[in-house]
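**Student:** The structure that follows is given in the form of structure tokens.
Every read-out reported here was derived from the displayed coordinates using simple, explicitly stated rules and does not represent laboratory data. Model, not experiment: these values are computed from the prediction. Note that each Cβ is placed from the backbone with ideal geometry, even for glycine, and that neighbours are counted across all protein chains shown.
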Amino acid sequence: MSPYNHLTLKDREGILLGVTLNDTYQVIAEKIGCSKATVSREIKRNGGRK
């Protein structure tokens, strides 16, 4: 079984909130409980911090 999990809608909403508040990747990752690399990739996949 894979050790990786998909981000949930709640996780993505947490990332969106963090981007809106200009939180760092590390702060967002701590809030939703994943790595900062995961947060970074998700933000880049969806248009960046625009």
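**Student:** Please compute one quarter of the surface area of the Cα convex hull for the chain and express it in square nanometres.
**Tutor:** Computing the convex hull of the Cα atoms and averaging its projections yields 3.4 nm².
**Student:** Among residues other than V39 whose Cβ falls under 15 Å from its Cβ, what is the net charge (Lys/Arg +1, Asp/Glu -1)?
**Tutor:** +3
**Student:** Using only Cα atoms and rounding to the nearest 10 degrees, what angle (0 to 90) does helix 36-45 make with the longest principal axis of the chain?
**Tutor:** The answer is roughly 70 degrees.
**Student:** Out of G18, I28, S40, whose Cα points farthest toward the positive end of the dipole of the chain (charges: +1 Lys, Arg; -1 Asp, Glu; placed on Cβ)?
**Tutor:** S40
**Student:** Let me have the 222 nm mean residue ellipticity of the chain computed from DSSP H runs of 4+ only, each contributing -39500 (n - 2.57), with the sum over all residues rounded to the nearest 500.
**Tutor:** The per-residue figure over the chain is -17500 deg cm²/dmol.
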